[in-house]
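Taking it in order: structure first as structure tokens, then the write-up.
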Amino acid sequence: MILRPRAGRRERCGFFSFVACGSSKVRLAILIATALAACARTAMAQEVEEREGEWKNGIPPGSIASSLPNNGDPGGMRKWLSERGLTYSFVLTSEGHADVAGGMRQGAVFQGKLETIVRADLEKMFGLKGLSFFTNSFVIHNTGGIRRDYIGSFNTIANIEALATTRLSELWLEQKFFNDTFSVRFGQLAADAEFFIADYSVWLMTSDWPSITAQDLPSGGPAYPLATPGVRLRYDPNKQFSFLLALFDGDPSGPGPEDPQIKNRYGLNFRVTDPPLLMGEAQYRYNQDKDATGLAGIWRVGFWHHFGEFDSQRFDQNGLSLANPLSSGIPARLRGADGIYGVVDHQIYRPKGGDKDSGINVFARVGATTPDRNQVELYVDGGITFSGMLPGRPDDKFGATFLYSQISRDAAALDRDMIAFGIPQPIGDYELNLAFAYQAQIVPGWTLQPAFHYVIHPGGHIPDPNSTIPGAAIKDAAVLSLRSVITY
């Protein structure tokens, strides 16, 4: 029901061979980043140490272990492993969703995800200075997907929704240089772990890899629940600035009509022959320190370029509309796909003594890409959150957000062509989601989050597969949700 562009059929350059046969500009950018790192200052080293110090005795920040006897480590094994460089954690997310009006049909689902995270400081363990290891995996279970099976939308309602399976996610090594100001991360990576993120939105269940990349990149791109082999460079000259450049295999699952999550069911495909995906991002942050008194914030600008081939959203190989009965039905193939994006996180009220996450905060993300080869050409989301604003509830949060995806003008033109040739259907325009959520801390490490979602034009105004009226679109939908998150 939701179309995705396919990976290139004529693969002139795979992931590992890209540097040899690919763009000289990309190679130059990597060389410049390496040269800059050689003259980097040491300001970031202290910040990294402070961040690592949040894991006390092997316990991650905000863990329910702090609410358990003996910090949930009665035998002391977790502390013993941590002192030797090995830490681990578990995050159990459970949630229920009910479509109470509209959509394709009404009903409820239960879904959950158990994430296992393992980190190893290989300098502590084996004396390999600056080298670390990370892996995480998911056990995903559900009785259906609220978005896939009931609403028919593509904007995120619940960011853990995925097909039930056990799968490997990320698996990488990271080497740091020059007093931790420059790092190289390589292995199986997920782009949504570092790129295109709004920090103030991450606690919301709608916070996710944006629809413009999830819909337009092959297999949805390297993002939950899929990851793919890649290399990421990061340069942190000081506390204010960061620069990231990453090269991923361009298709986590590979070409074909099946659902990408079925084609790569266990996260073990490790594909390296597809045309690559290049992403870059620059970040500027301010007033992030605990003792800062000014309003905190982060600005991000970034880009992506996929080197594969993509289907035209309107025309066949002969230049005819795909709706034309004389068309071959084979879309024209277009080389490459580009996009740009920007992200803003800004604190508009910081209570006295509050940190960068306290008070009232706003966030926004916007992304744009070319309309002739992409289903979504413009994406915008944003919102406002309130943290620690209720008397006696310093750890509670509440907020409101919206997500807007605009169908590309070429895809909408094809809908008009279909109507002109006698096939009744709605004309694609946009999908708009509105959401309101409250997160209550039950005990440290356990939160509950009730939420309400309203989805306008699910799927961008597409036909309702269950309607008996020709050309009828899926109705706007209302969804009630409740999420539980336990971190150990």
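Here is a yes/no grid of residues against (1) over 26 Å from the mean Cα position of the chain (by Cα); (2) at pLDDT 50 or above; (3) assigned to a strand (DSSP E or B); (4) not aromatic (F, W, Y):
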site	(1), (2), (3), (4)
A37	yes, no, no, yes
A45	yes, no, no, yes
K79	yes, yes, no, yes
V91	no, yes, yes, yes
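Kindly indicate whether Y266 is open to solvent by 60 Å² or more (accessible area, probe 1.4 Å) and part of a strand (DSSP E or B).
Against the criterion (open to solvent by 60 Å² or more (accessible area, probe 1.4 Å) and part of a strand (DSSP E or B)), Y266 does not qualify.
Determine which single condition I340 fails, assuming it passes every other condition in (1) open to solvent by 50 Å² or more (accessible area, probe 1.4 Å); (2) β-branched (V, I, T); (3) farther than 30 Å from A413 by Cα.
Result: I340 fails condition (3) only.
Quick one: how many residues across region 457-486 are in a strand (DSSP E or B), open to solvent by 30 Å² or more (accessible area, probe 1.4 Å) and within 24 Å of G399 (Cα to Cα)?
Qualifying residue count for the region: 5.
Here is a check on your reading of the model: is Y454 among the hydroxyl-bearing types (S, T, Y), surrounded by fewer than 20 Cβ atoms within 10 Å (Cβ to Cβ) and within 13 Å of W203 (Cα to Cα)?
no
Under 30 Å from F452 (Cα atoms), among the charged types (D, E, K, R), in contact with a Ser or Thr (Cβ under 7 Å, 6 or more places away or on another chain) and open to solvent by less than 10 Å² (accessible area, probe 1.4 Å): is that true of D208 in this structure? First the steps, then the outcome.
On the way: under 30 Å from F452 (Cα atoms): yes; among the charged types (D, E, K, R): yes; in contact with a Ser or Thr (Cβ under 7 Å, 6 or more places away or on another chain): yes; open to solvent by less than 10 Å² (accessible area, probe 1.4 Å): no.
Here the answer is no, as D208 does not meet what is asked.
For residues that are in a loop (DSSP other than H, G, I, E, B) and either modelled with pLDDT of 95 or more or surrounded by 23 or more Cβ atoms within 10 Å (Cβ to Cβ) (or both), tally how many sit in region 240-257.
Of the residues in that region, 6 qualify.
Those residues that are of a type outside the set (S, T, Y) and within 16 Å of G428 (Cβ to Cβ), I need them from region 302-314; list them, please.
The answer is D311, Q313, R314.
Specify the residue that is farthest from the chain's Cα centre (by Cα); the eligible residues are those in region 326-348 that are touching a residue at least 24 places away in the same chain (Cβ under 8 Å) and farther than 25 Å from T213 by Cα.
This residue is I348.
So that you can scan it fast, the table gives a plain yes or no per residue for (1) β-branched (V, I, T); (2) closer than 19 Å to P371 by Cβ:
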| position | (1), (2) |
| --- | --- |
| D429 | no, yes |
| L434 | no, no |
| V443 | yes, no |
| P463 | no, no |
| A477 | no, no |
| L480 | no, no |
| S484 | no, no |
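I'm trying to understand the selection: among the residues of region 406-439, which are closer than 15 Å to P470 by Cβ and surrounded by fewer than 21 Cβ atoms within 10 Å (Cβ to Cβ)?
Within region 406-439, M418, I419, F421, G422, I423, P424, Q425, P426, I427 meet the criteria.
Just one of (1) assigned to a loop (DSSP other than H, G, I, E, B); (2) crowded, with 16+ Cβ neighbours inside 10 Å trips up G294, so point out which.
In the conditions (1) assigned to a loop (DSSP other than H, G, I, E, B); (2) crowded, with 16+ Cβ neighbours inside 10 Å, G294 misses (2) alone.
Would you tally the residues in region 190-214 being more than 15 Å from V301 (Cα to Cα), part of a loop (DSSP other than H, G, I, E, B) and not hydrophobic (A, V, I, L, M, F, W, C)?
Residues meeting the conditions: 3.
Have a look at Y266, Y341 and point out the one that is within 22 Å of L245 (Cβ to Cβ) and modelled with pLDDT of 95 or more.
Unique residue meeting the criteria: Y341.
Provide a single number: the residues in region 99-144 that are in a loop (DSSP other than H, G, I, E, B), crowded, with 18+ Cβ neighbours inside 10 Å and not hydrophobic (A, V, I, L, M, F, W, C).
Of the residues in that region, 0 qualify.
What residue, of L278, L226, is farther than 19 Å from A364 by Cα, of a type outside the set (D, E, K, R) and in a strand (DSSP E or B)?
Going through L278, L226 in turn, just one is farther than 19 Å from A364 by Cα, of a type outside the set (D, E, K, R) and in a strand (DSSP E or B): L278.
Out of curiosity, is E194 among the charged types (D, E, K, R), over 28 Å from S358 (Cβ atoms) and either at pLDDT 95 or above or in contact with a Lys or Arg (Cβ under 6 Å, 6 or more places away or on another chain) (or both)?
No, not satisfied.
Please verify whether R147 is farther than 14 Å from E95 by Cβ and either of a type outside the set (G, A, S) or in a helix (DSSP H, G or I) (or both), treating the condition exactly as stated.
Taking the combined requirement at face value, the residue does not satisfy it.
Checking the condition farther than 24 Å from Y379 by Cβ, open to solvent by 20 Å² or more (accessible area, probe 1.4 Å) and touching a strand residue (DSSP E or B) at 6+ places or on another chain (Cβ under 6 Å), which residue from P351, P325 passes?
P351
Looking for something under 29 Å from T228 (Cα atoms), out of contact with any helix residue (DSSP H, G or I) (no Cβ under 6 Å at 6 or more places or on another chain) and without any contact (Cβ under 8 Å) to a residue 24 or more places away in the chain - is there at least one such residue anywhere in region 305-316? Lay out the reasoning, then the answer.
Taking region 305-316 as the starting set, the residues that turn out to be under 29 Å from T228 (Cα atoms) are 305-313.
Checking which are out of contact with any helix residue (DSSP H, G or I) (no Cβ under 6 Å at 6 or more places or on another chain) leaves us with 305-312.
Now restrict to residues that are without any contact (Cβ under 8 Å) to a residue 24 or more places away in the chain: none.
Looking for residues that are under 29 Å from T228 (Cα atoms), out of contact with any helix residue (DSSP H, G or I) (no Cβ under 6 Å at 6 or more places or on another chain) and without any contact (Cβ under 8 Å) to a residue 24 or more places away in the chain, one finds none in region 305-316, hence no.
Since S153 meets every condition but one in (1) over 22 Å from V485 (Cα atoms); (2) open to solvent by 20 Å² or more (accessible area, probe 1.4 Å); (3) outside any helix (DSSP H, G or I), which condition does it not meet?
Every listed condition holds for S153 apart from (2).
Any residue that is crowded, with 17+ Cβ neighbours inside 10 Å, in contact (Cβ under 8 Å) with a residue 60 or more places away in the chain and among the aromatic types (F, W, Y) - is there at least one of those in region 383-390?
There is no residue in region 383-390 that is crowded, with 17+ Cβ neighbours inside 10 Å, in contact (Cβ under 8 Å) with a residue 60 or more places away in the chain and among the aromatic types (F, W, Y).
The values are calculated or read from the model by the stated rules, or taken from the named source; none is laboratory data. Keep in mind the model is a prediction, meaning the values are calculated, not measured. With ideal geometry, Cβ positions are generated from the backbone for all residues, glycine too; neighbour counts draw on all protein chains shown. Protein only, heavy atoms only, side chains kept; ligands, DNA and RNA dropped before computing areas. Shrake-Rupley method; radii C 1.70, N 1.55, O 1.52, S 1.80 Å.
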